[in-house]
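The values are calculated or read from the model by the stated rules, or taken from the named source; none is laboratory data. The model shown is predicted, which means the values in this text are computed figures rather than measured ones. Cβ placement follows ideal geometry from the backbone for every residue including glycine, while neighbour counts extend to all protein chains displayed. SASA here: full protein model, heavy atoms, side chains in, ligands and nucleic acids out. Shrake-Rupley method; radii C 1.70, N 1.55, O 1.52, S 1.80 Å.
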Number of protein chains: 2
Amino acid sequence: MESHSPVADPGHVVKSSPVMIDGVALNGPTLDVSAAEGFIQQSMAIIMEDAVRKATNVREKVCEWRSPEQLKELLDLELKDGGEAQSKILQRCRDAIRYSVKTTHPRFFNQLYAGMEPYSMVGSFIIEAIKPSLYTYEVAPVFTLMEEAVLKKMMEFLGWEEGGDGIFNPGGSVSNMYAMNVARFHHCPDIKELGLSAVPRLVMFTSQECHYSISKAAAFLGIGTKNVYVVPSDKRYHLQYHLCVCVCVFSQGAEPFMVNATAGTTVLGAFDPIEEIADICEKYNLWLHVDACWGGAALLSKKHRHLLKGIHRANSVAWNPHKMLMACLQCCAFMVRDKTGLLQRCHSARASYLFQQDKFYDVSYDTGDKSIQCSRKPDAFKFWLMWKALGTSELERRVDRAFAMARYLAQEIKKREGFRLLMEPEYANVCFWYIPPSLRNMPESPEFWQKLHTVGPAVKERMMKKGSMMVSYQPHGDKVNFFRMIIISPQASREDMDFVLDEIDRLGQDL
Amino acid sequence: MESHSPVADPGHVVKSSPVMIDGVALNGPTLDVSAAEGFIQQSMAIIMEDAVRKATNVREKVCEWRSPEQLKELLDLELKDGGEAQSKILQRCRDAIRYSVKTTHPRFFNQLYAGMEPYSMVGSFIIEAIKPSLYTYEVAPVFTLMEEAVLKKMMEFLGWEEGGDGIFNPGGSVSNMYAMNVARFHHCPDIKELGLSAVPRLVMFTSQECHYSISKAAAFLGIGTKNVYVVPSDKRYHLQYHLCVCVCVFSQGAEPFMVNATAGTTVLGAFDPIEEIADICEKYNLWLHVDACWGGAALLSKKHRHLLKGIHRANSVAWNPHKMLMACLQCCAFMVRDKTGLLQRCHSARASYLFQQDKFYDVSYDTGDKSIQCSRKPDAFKFWLMWKALGTSELERRVDRAFAMARYLAQEIKKREGFRLLMEPEYANVCFWYIPPSLRNMPESPEFWQKLHTVGPAVKERMMKKGSMMVSYQPHGDKVNFFRMIIISPQASREDMDFVLDEIDRLGQDL
C-alpha cells in the first residue's frame, strides 16, 4: 500500500484516528496501487504478445470465427455480484484478443482502415493511461496545442493559405454533420435559436455515390433525408457537375444551402470534380463541403493530389487520418476555411462551469465550445506523434505505394481467368468479380448475374471460417455482389495481392 | 524483417522477381515489424513509469503548468518533411506525459471523472492495439456481444424488467442528442424524411440546472435553442415538477414532445424528481428522457438509489460509466425502453456495403445501423472488463464511499473558519466558498460578493502553478465563483479532503 503522506506539503497534518461516515471508513486509499500496477504490467506483456506480435503476423489467422451463440458460451459474458481474480481477468484479456478480428493483420482488407502503426498506437496508449479530455487548456494543455498544430498542417495540404479553423471529432459521419450544421448556420444564423420550423425548407445536393452518413446527418439534423437531392453520377461514378437537378430545385421554392462533394467514395474510390462543383457553388452561393474522409490522404502525394484539384476552394472538409494514413481509430478532422469564429458561434453554449472568462490564461485556447461534445478525446495526438516519427515524406511514400499496389492488383485481375474488374481503380479501392468455373461459359443472362450475386457471400463465409484474410463484398447500384479490396498497410505486399486472388480462386472453385 | 511466406497456405507461390509500379517496389512489406515491436515495448516501459506510476503518485504533481507560449516552445510542435529517430520519439512521449494534466492523480478533483482504474485501462489498451470498430458482428464479434451484455445489465439497474435497446457512443452530449432525435421520431416518424420544416414547431422542457448539452443538442438537431423551455428549479435546484410553463406552451400552438430530467446535475449534483415528472409525461404524452450521465452510478448503491426513484418509467436514459464508475474515457450508454426497434428505425440508412442481408450469420448482431456514427469504438468493453474484475459489490462500495467522502468534506467545511458550504451535498459534488481573512469581517454587501468572486480564479491560478491539486471553480446563477469538489477516485482519502481545505487556505490567506 502506497504511503499517503503528502511530502509535497510537509505542513499538512495527517490525522491518525479512523473516520467513519455512513458506515464507510475514509482513512487512506482503498485502491491497492502496487497490485494495480502489477496487473497492468502483466497485461502489457499479453498485449505485446497477442495483440501486437501475433495479431500482425501474416502466418496467424486474421480472425478465429465463432458464431454469436458459440462466442457467448466461450466468453461467459454475464456480469455478477462478485469480482474475479486477476489471473482470470488476464485470461479474459487473452480470450477477447483471440476471438477478435485483427484489423492490424497484413491480410485485413475489409474496411477503409487497416494495418499496424506503432507510433500512433503508442500515442493512443498514452491517452488511455492519462485520460485527458479536450475542452479547456488547463485540463489538456499538451493535446490542445498538438491539435492546433496538426490542423494547421492539414490545412496547408488543403491549400488554405490563410488557414482556417477545425476540430477533431469521433468519426467522418460526425464531421459531415458538423459541415451541414455550419453550412446552414452560415446560410441563416437564426436557425440556431429558432430551429428549422422557422425558416423555409432547406435542401442540399450530393452525388449518389456519397457516403451514407450524409443521409444520416440530414435526418439527425432535422433537415430530412428527402431534402438531400441526389445528383446522378457519370459512368466513372463522379458527380455530374452540371447538377441538372439544381435548376429544378430553385424553381420549387426550397432553399439550397450546400453541396457535398466526395473525394474518394466508399465503395469505388471515385473523386468528384471539385473544381467544377466549386464554380457552381460560387455562382449559386452554396456552401461547398468536401467529404475527403477517405481520399484526403492523396493530398500528401505529389503524384496523386490532382485528384482533389480545387479543394482549396471548399468551405469545409472532412478528412480522417485513421483511414489511409493509419492513425489509430478514431482520428477525424473537420475543417472550415472560415477564420471569423463561425465554428464556435455555431456550436457555442457558453457553459459557465467550463469556459470561465476570468481564467489566468488566454481562454482562446479553450476549444471546447466549438464542439458538439463535452468530453472529447485528443485524437490529433495519435496522428501528431506518428507524423513526427515518419515525416511527411514517409507518409507520401505510403500513399504512393497504396496507389501502386492497387494498380498491380488490377493488372493481375485482368490477367487471370475468372476475375473481372468492375472499373479501373482511381484510388486504393479495387472492385472485381470472381466468376467460378461453373459460370465461366454461361451467357451473361439475368440468371448468370443472379448466380454471380451469390458468389461473394459464399466466398466470404469460407474465408471467415478459415481465417485466412478478410475482403468485403457488396452489391452497388445495378451491380451484383462484387469484392472490394482496400490496400493500406505497409505490411501488405505484392505477395499478399497474389495470395488474395489465389485464395478467392481456391475458396470459390466449386461454387 | 519478418519472413512473409504464408505458412497458413503452403499452396501459395512466392514470386521472387521484383515488381515495380509507378516507380514503387511492391515486393515484401515496407514496415520493419520487429523494430516496431521494439519501439512499442520501450514505450510501454515509459507509459508504466511516467503515465501510470508517477501520474498516480500523490507525492508527484497533478500538473506541471506551462503557458501556451512556453509549452509551444518546449514541445516543438511543427510537423516536418523528415521523420525523427525512435529515441527522439520516446523523449516526445515522455514530454507529452510530463506536461499533461494527470487526471488519474488522487488529487485531481476538477471534472466529473477522475482516478486510475487498472482493468478499464487495460481494456482500452487492448482496443487500441487491435483497432476494432463496431458496426458489423464480423469485424467486432467479441465487442458486439460485450456491449449487449453491459447494456442488458445496466438496464436491469434502471429497473426495465422487459429490457430495452441501447448504444454506446462518444459522450453524454451525444447521448442527449440521441434522446431528442428518438423522441421526436417517436412523436412524428415523418420528420426523418421530411425534416422539421414540414411539421409544427416542436418544443421540449428541461430544468435550468440541466447540462449545457441539451441546448447544444437542440441547436444541432434543428430544434432551436429557444424551443427548449427552461423550467425554474426549486431551492434545492430540482426541476419543479408542476412545470408551470407547460400550460403556457400548450396554448401557444407549439408541439411539446419531450421532457429532460437530470439525475445528478453537473455543478451541484442535484437530482430532479423523476417520479413526478413521469406522471406529467404520462398525462401529456411526452417522452421522458433522464440525463443520468453523472448520477446514474447511484443506481448501484442500495443506500442511494432512491435518488433516481422512478427512472424505470423513463423512455430513455443517458448514463456515463466513465464518470463515477471510472471506466476509461469515453464510456457512455444511451438506452431506450422501447423494444420494437425504434432506435434502429430512427437512425438506419441501410448502407449496402456494410449491412448486407445475405450474410452467413444472424445480421441482427450488426448493430451499426442504430448509430449516427459509422466507425464506432467498443467502449463497453472497458466497462465490461472492470465489472468482471470488481463485481457489482465493489462498484457499490466505491459509490457509497464517494457519497460518504462528500459528506465528510461537507462536515469539515462547516467546522472551519473561512469556509462556507453552498448547499448540503446531495451527491459527490461539494460546493463551497473560501472566504479569505480580509473578507471575514466584512458585511455581505455587493462589494463583499464582488471581492469573493475573484477568490476562486486567484486560488485556482496558484494551485495550477504549484501543481498540488486541481479543483474547479465557477459562478452559477446568482452565486459568485465558488469551488466545486468532485470525489471519485478510490485513491483519494479523508487525508486528501483535509489537504484540499488546508491547501486552499494556504493559497488564499493573503487574498
Query raised in the report: Name the residues in the stretch B:463-507 that are touching a Lys or Arg at 6+ places or on another chain (Cβ under 8 Å), open to solvent by less than 10 Å² (accessible area, probe 1.4 Å) and over 30 Å from B:P118 (Cβ atoms), would you?
Result: B:Y473, B:Q474
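Among the residues of the stretch A:117-134, which ones are at the interface with chain B (Cβ under 7 Å from one of its Cβ atoms) and within 19 Å of the chain's Cα centre (by Cα)?
Selection gives A:P118, A:Y119, A:M121, A:V122, A:S124, A:F125, A:E128.
Table: residues versus (1) surrounded by fewer than 24 Cβ atoms within 10 Å (Cβ to Cβ); (2) in a helix (DSSP H, G or I); (3) outside the structural domain of A:L151 (by the TED database); (4) in contact with a helix residue (DSSP H, G or I) (Cβ under 9 Å, 6 or more places away or on another chain).
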position: A:G368; (1), (2), (3), (4): no, yes, no, no
position: A:Q373; (1), (2), (3), (4): no, no, no, yes
position: A:K382; (1), (2), (3), (4): no, yes, yes, yes
position: A:L385; (1), (2), (3), (4): no, yes, yes, yes
position: A:L395; (1), (2), (3), (4): yes, yes, yes, yes
position: A:A404; (1), (2), (3), (4): yes, yes, yes, no
position: A:L409; (1), (2), (3), (4): no, yes, yes, yes
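Any residue at all in the stretch A:118-131 that is in a loop (DSSP other than H, G, I, E, B) and either among the charged types (D, E, K, R) or free of Cβ contacts under 8 Å to residues at least 40 places away in the same chain (or both)? Steps first, please.
Within the stretch A:118-131, the subset in a loop (DSSP other than H, G, I, E, B) is A:131.
When the remaining residues are screened for being either among the charged types (D, E, K, R) or free of Cβ contacts under 8 Å to residues at least 40 places away in the same chain (or both), the result is A:131.
Yes; the residues of the stretch A:118-131 include at least one that is in a loop (DSSP other than H, G, I, E, B) and either among the charged types (D, E, K, R) or free of Cβ contacts under 8 Å to residues at least 40 places away in the same chain (or both).
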Report summary line: Filtering the stretch A:64-93 down to residues that are within 26 Å of the chain's Cα centre (by Cα) and more than 7 Å from chain B (Cβ to nearest Cβ) yields A:E64, A:W65
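Could you tell me how many of the residues in the stretch A:64-89 are in a helix (DSSP H, G or I) and surrounded by fewer than 18 Cβ atoms within 10 Å (Cβ to Cβ)?
Pass one, the stretch A:64-89, residues in a helix (DSSP H, G or I): A:68-75, A:86-89.
Of the ones still in play, those that are also surrounded by fewer than 18 Cβ atoms within 10 Å (Cβ to Cβ) are A:68-70, A:72-74, A:86-88.
So the answer is 9.
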Query - Among the residues listed as A:K216, A:K226, the single one being open to solvent by 20 Å² or more (accessible area, probe 1.4 Å) and facing another protein chain (nearest Cβ under 7 Å) - result: A:K226
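Consider the stretch A:421-436. How many of its residues are part of a strand (DSSP E or B) and open to solvent by less than 10 Å² (accessible area, probe 1.4 Å)?
Step one: list which residues in the stretch A:421-436 are part of a strand (DSSP E or B), which gives A:421, A:429-434.
Imposing the further condition that a residue be open to solvent by less than 10 Å² (accessible area, probe 1.4 Å) reduces the set to A:429-432, A:434.
Qualifying residue count, the stretch A:421-436: 5.
Any residue at all in the stretch B:223-233 that's free of Cβ contacts under 8 Å to residues at least 40 places away in the same chain and closer than 26 Å to A:G171 by Cα? Steps first, answer last, please.
As a first pass, look at the stretch B:223-233 and keep what is free of Cβ contacts under 8 Å to residues at least 40 places away in the same chain: B:224-233.
When the remaining residues are screened for being closer than 26 Å to A:G171 by Cα, the result is B:224-225.
Looking for residues that are free of Cβ contacts under 8 Å to residues at least 40 places away in the same chain and closer than 26 Å to A:G171 by Cα, one finds at least one in the stretch B:223-233, hence yes.
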Query raised in the report: Among the residues of the stretch B:248-257, is any at pLDDT 90 or above, open to solvent by 10 Å² or more (accessible area, probe 1.4 Å), of a type outside the set (A, V, I, L, M) and assigned by the TED database to the domain that holds B:W294?
Result: yes
Requested in this report: Go through the stretch B:96-152 residue by residue and tally those that are on the phi > 0 side of the Ramachandran plot and of a type in the set (D, E).
Outcome: 0
Query raised in the report: Would you pick out the residues in the stretch B:200-245 that are part of a helix (DSSP H, G or I) and either modelled with pLDDT of 80 or more or touching a helix residue (DSSP H, G or I) at 6+ places or on another chain (Cβ under 7 Å) (or both)?
Result: B:S213, B:I214, B:S215, B:K216, B:A217, B:A218, B:A219, B:F220, B:T225, B:K226, B:N227
Query raised in the report: With B:E156, B:E147, B:E193 as the choices, which residue is more than 7 Å from chain A (Cβ to nearest Cβ), charged (D, E, K, R) and under 28 Å from A:A218 (Cα atoms)?
Result: B:E147
Report summary line: Filtering the stretch B:154-205 for residues that are open to solvent by less than 30 Å² (accessible area, probe 1.4 Å) and within 30 Å of B:W387 (Cα to Cα) leaves a count of 23
Report task. Quickly run through the stretch B:29-46 and pick out the residues that are surrounded by fewer than 22 Cβ atoms within 10 Å (Cβ to Cβ), within 7 Å of chain A (Cβ to nearest Cβ) and of a type outside the set (A, V, I, L, M). Result -> B:P29, B:T30, B:E37, B:F39, B:Q41
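Okay, residues lined up against (1) over 24 Å from B:A406 (Cβ atoms); (2) at pLDDT 95 or above:
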{"site": "B:G296", "(1), (2)": "no, yes"}
{"site": "B:C328", "(1), (2)": "no, yes"}
{"site": "B:C331", "(1), (2)": "no, yes"}
{"site": "B:C346", "(1), (2)": "yes, yes"}
{"site": "B:S352", "(1), (2)": "yes, no"}
Query raised in the report: Cβ-Cβ below 7 Å, separation at least six or inter-chain, first residue in the stretch A:477-498 and farther than 15 Å from A:L325 by Cβ and within 10 Å of chain B (Cβ to nearest Cβ), second of a type in the set (S, T, N, Q) and in a strand (DSSP E or B): which pairs?
Result: A:N481/A:Q474; A:R484/A:N429; A:R484/A:S472; A:R484/A:Q474
Requested in this report: Report, by residue number, each residue of the stretch B:18-50 that is within 37 Å of the chain's Cα centre (by Cα) and either of a type in the set (F, W, Y) or over 30 Å from A:A129 (Cα atoms) (or both).
Outcome: B:F39
Query raised in the report: Taking A:V101, is it under 30 Å from A:L268 (Cα atoms), within 7 Å of chain B (Cβ to nearest Cβ) and not in a helix (DSSP H, G or I)?
Result: yes
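Hey, can you tell me all the residues within the stretch A:139-183 that are part of a loop (DSSP other than H, G, I, E, B) and either in contact with a Ser or Thr (Cβ under 9 Å, 6 or more places away or on another chain) or of a type in the set (F, W, Y) (or both)? Outline the logic, then answer.
First, the residues of the stretch A:139-183 that are part of a loop (DSSP other than H, G, I, E, B): A:139-140, A:159-164, A:170-171.
Listed by number, the residues that qualify are A:V139, A:A140, A:W160, A:G164, A:P170, A:G171.
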**Report entry** Answer residue from the stretch B:47-63, given it is open to solvent by 70 Å² or more (accessible area, probe 1.4 Å) and more than 21 Å from B:R462 (Cα to Cα) and is nearest to the other protein chains (Cβ to nearest Cβ) among those
**Finding:** B:R53
Report summary line: In the stretch A:296-352, residues that are part of a helix (DSSP H, G or I) and among the hydrophobic types (A, V, I, L, M, F, W, C) total 10
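Taking the stated definitions as given, is A:L390 assigned to a helix (DSSP H, G or I), aliphatic (A, V, I, L, M) and crowded, with 21+ Cβ neighbours inside 10 Å?
On the way: assigned to a helix (DSSP H, G or I): yes; aliphatic (A, V, I, L, M): yes; crowded, with 21+ Cβ neighbours inside 10 Å: yes.
Criteria met by A:L390.
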Report task. Give me a count of the residues in the stretch B:352-366 that are within 7 Å of another protein chain (Cβ to nearest Cβ) and either exposed (fewer than 15 other Cβ atoms within 10 Å of the Cβ) or free of Cβ contacts under 8 Å to residues at least 12 places away in the same chain (or both). Result -> 6
